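The structure under discussion is supplied below as structure tokens; questions concerning it will follow.
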Amino acid sequence: MNPLLNRLQPYPFERLRQLHAGITPNPAYRPISLGIGEPKHATPELIKTALSASLAGLANYPATAGEPRLRQAMVDWMLRRYGLALDPVTQVLPVNGSREALFALAQTVIDPTRAEATVVCPNPFYQIYEGAALLAGAQTWFAPSDPARNFAIDWAGVPEAVWAKTQLLFVCSPGNPTGAVMGLEEWKLLFELSDRHGFVIASDECYSEIYFRDEPPLGALQAAAQLGRSDFKNLIALTSLSKRSNVPGLRSGFVAGDAALIKPFLLYRTYHGSAMSPIVQAASIAAWNDEQHVVDNRAMYREKFAQVTPMLSAVMDVALPDAGFYLWAQIPARFNNDDAAFSSELLALYNVVVLPGSYLAREAQGHNPGAGRIRMALVAETAECAEAAARIVQFIQST
Ligand SMILES: Cc1ncc(COP(=O)(O)O)c(C=O)c1O
């Protein structure tokens with residue numbers, strides 16, 4: 001067996017299952033889960049129609065590079081969303097959701113024969129970053145998010161000696177779970193570091209279309225272009241339809257950026273067998289070409305967060321995030337930073353599931369930046385999320 005498999009950590013939801021295994025939730029309440037970040041708004045009809053209208057595609061093997069029409073739809077969207085004119089042949093590639101692409105990109109980029117191959121990740125983080133790094137034969141270094149700066153990652157605190165052995169940096173903006181969006185100054189710092197040390201930046205942007213500020217989140221490629229880096233050197237952005245278009249089951253997204261990285265990535269993907277089904281390609285074209293459903297979806301999240309956030313901020317330290325669909329809240333002091341205990345007691349007394357923040361982060365430099373926090377995914381309908389929030393308020397006030 002591949003010995004690197006033993007280095008993988010249990011997934012946060014596996015740990016949550018174990019944590020809650022012996023608990024009998026209060027039967028007076030129906031169960032509500034704010035645990036998993038799976039979009040629950042309805043899938044747009046136009047995507048379902050495109051999917052069912054293209055079943056003839058079952059008869060063909062798809063090309064890993066995707067159909068020209070799909071690549072065109074992807075670059076057209078990049079132009080409308082970010083004002084970037086990308087080459088559909090060399091600068092974009094369809095992927096079967098950003099999860100597999102994050103993983104596969106690390107396998108393409110990392111050279112494990114170089115000493116102490118290192119991947120820098122935000123902390124807290126999406127656990128695929130860590131698994132991708134470990135299975136590529138690299139080690140991880142975690143840079144903490146700073147609650148005092150709206151959860152911005154402390155990139156400046158990463159020692160120069162760590163950057164010197166870094167081959168890949170994962171960035172998540174808007175962040176999961178914090179919702180923090182990176183600004184141009186942060187990007188400038190990361191580009192300078194990448195130039196100095198030669199590492200690749202993978203920018204995970206799957207929450208980019210769900211935002212609460214007036215300005216849409218700055219994209220990595222957009223930041224690069226604004227700083228005169230029109231070749232996107234050593235930079236790949238990953239985007240996804242899962243959250244934008246409420247199709248987590250479609251498994252569709254794309255990567256865009258440095259043509260010198262896209263080419264070997266295509267080679268890797270050809271051997272890995274990561275071509276996108278022709279049916280999914282057809283549905284994806286319809287999804288990228290339509291923006292109205294995205295506007296409507298965002299409006300639903302805005303209404304929901306406007307209702308739920310003030311309820312919770314009255315009893316705990318939590319605020320409307322820049323973007324994403326999570327609330328990242330600090331638990332009351334009486335829990336002594338024990339986010340797992342908070343989650344367990346809440347389930348037992350009020351039948352609401354929330355994810356302990358420490359499960360989404362690693363202890364690094366003597367500190368787990370998720371400790372004492374919980375993540376609440378506001379993916380269910382507004383009424384259900386508000387009901388969960390009301391129970392959490394009661395829970396906190398009664399304890
Ligand atoms: C930060 C982050 N990146 C990537 C993904 C993967 O999304 P998908 O594979 O559906 O595009 C998720 C899913 O929850 C996520 O939270």
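Given the peptides 362-374, 5-17, 272-284, arrange them by the average over their residues of other C-beta atoms within 10 Å, most packed first.
Working: 362-374: 19.2, 5-17: 13.8, 272-284: 20.7.
Top of the packing list down: 272-284, 362-374, 5-17.
Further, regarding this structure: To the nearest 10 degrees, how steep is helix 184-197 against the longest Cα principal axis of the chain, on a 0 to 90 scale?
With both axes taken from Cα atoms, the answer is about 60 degrees.
Based on the Cβ-Cβ distance of Leu189 and Leu55, what FRET efficiency does E = 1/(1 + (r/R0)^6) give at R0 = 56 Å, to the nearest 0.05?
Values: r = 49 Å, r/R0 = 0.87.
Efficiency for this residue pair is about 0.70.
Over the chain, what percent of the accessible surface lies on carbon and sulfur atoms, probe 1.4 Å? Walk me through the numbers before you get to the answer.
Values: 8930 of 16190 Å².
The C+S portion of the solvent-accessible surface of the chain is 55 percent.
Also: How far is helix 339-350 tilted, in degrees, relative to the longest principal axis of the Cα atoms in the chain, given as a value from 0 to 90 rounded to the nearest 10?
The two axes meet at around 60 degrees.
A follow-up question, please. Could you list the trypsin sites (Lys or Arg not before Pro) in the stretch 140-189 that lie in coil according to DSSP, counting only those with at most 12 other Cβ atoms within 10 Å of their Cβ? List each step's numbers first, then the result.
Working: sites: Arg149, Lys165, Lys188; in loops: none.
Answer in residue order: no site qualifies.
Follow-up question, since we're still on this one. Using the heavy atoms of the protein chains alone and a 1.4 angstrom probe, what is the accessible area of the chain per residue in square angstrom? Please list the in-between numbers first.
Values: 16190 Å² over 399 residues.
So the chain comes to 41 Å² accessible per residue, rounded to a whole number.
Show me the three semi-axes of the equivalent ellipsoid for the stretch 136-182, from the C-alpha gyration tensor (sqrt of 5 times each eigenvalue), largest first, rounded to whole Å. Let's see the in-between values first.
Values: eigenvalues 91, 34, 12 Å².
Sorted largest first and rounded, they come to 21, 13, 8 Å.
Which whole-angstrom value gives the distance between the alpha carbon centres of the stretch 221-269 and the stretch 20-80?
Computed from Cα coordinates, the inter-centre distance equals 18 Å.
Tell me, what is the percent relative contact order of the stretch 112-247, built from C-alpha pairs under 8 Å that lie six or more residues apart? Write out the running numbers ahead of the final one.
Working: 219 pairs, mean separation 28.4, N = 136.
Contact order relative to length: 21 percent.
Also: Highest mean first, how do 125-135, 232-242 rank when packing is the count of other Cβ atoms within 10 Å averaged over residues? Before the final figure, lay out the partial values.
Working: 125-135: 22.2, 232-242: 24.6.
Highest to lowest by the protection proxy: 232-242, 125-135.
If I histogram all Cα-Cα distances within the stretch 144-281 using bins 5 Å wide from 0, what percent of pairs lands in each bin?
Calculated over all Cα pairs of the stretch 144-281, the distribution is 2, 9, 17, 21, 20, 16, 10, 4, 1, 0 percent.
How big is the gap, in Å, between the Cα center of the stretch 291-313 and the Cα center of the stretch 142-216?
Here the answer is 25 Å between Cα centres.
Could you give the angle, 0 to 90 degrees to the nearest 10, between helix 259-272's Cα long axis and the longest principal axis of the Cα atoms of the chain?
80 degrees
Quick one: of Lys188/Lys263; Lys243/Lys304; Lys188/Lys243; Lys48/Lys304; Lys165/Lys243; Lys243/Lys263, which pairs are farther than 23 Å apart, Cα to Cα? Write down the numbers at each step before the final one.
Numbers: Lys188/Lys263 25 Å; Lys243/Lys304 16 Å; Lys188/Lys243 27 Å; Lys48/Lys304 25 Å; Lys165/Lys243 34 Å; Lys243/Lys263 27 Å.
As for pairs spanning more than 23 Å Cα to Cα, those are Lys188/Lys263; Lys188/Lys243; Lys48/Lys304; Lys165/Lys243; Lys243/Lys263.
Provide the descending list of Cα extents for the chain along its principal axes, expressed in whole angstroms.
Cα extents, longest axis first: 60, 53, 46 Å.
The values are calculated or read from the model by the stated rules, or taken from the named source; none is laboratory data. Given the structure is predicted, the values throughout are model-derived calculations rather than measurements. Glycine gets a Cβ as well: all are built from the backbone with ideal geometry, and neighbour counts include every protein chain shown. When the accessible area is computed, the model is the full protein with side chains, heavy atoms only, and any ligands, DNA or RNA have been set aside. Shrake-Rupley method; radii C 1.70, N 1.55, O 1.52, S 1.80 Å.
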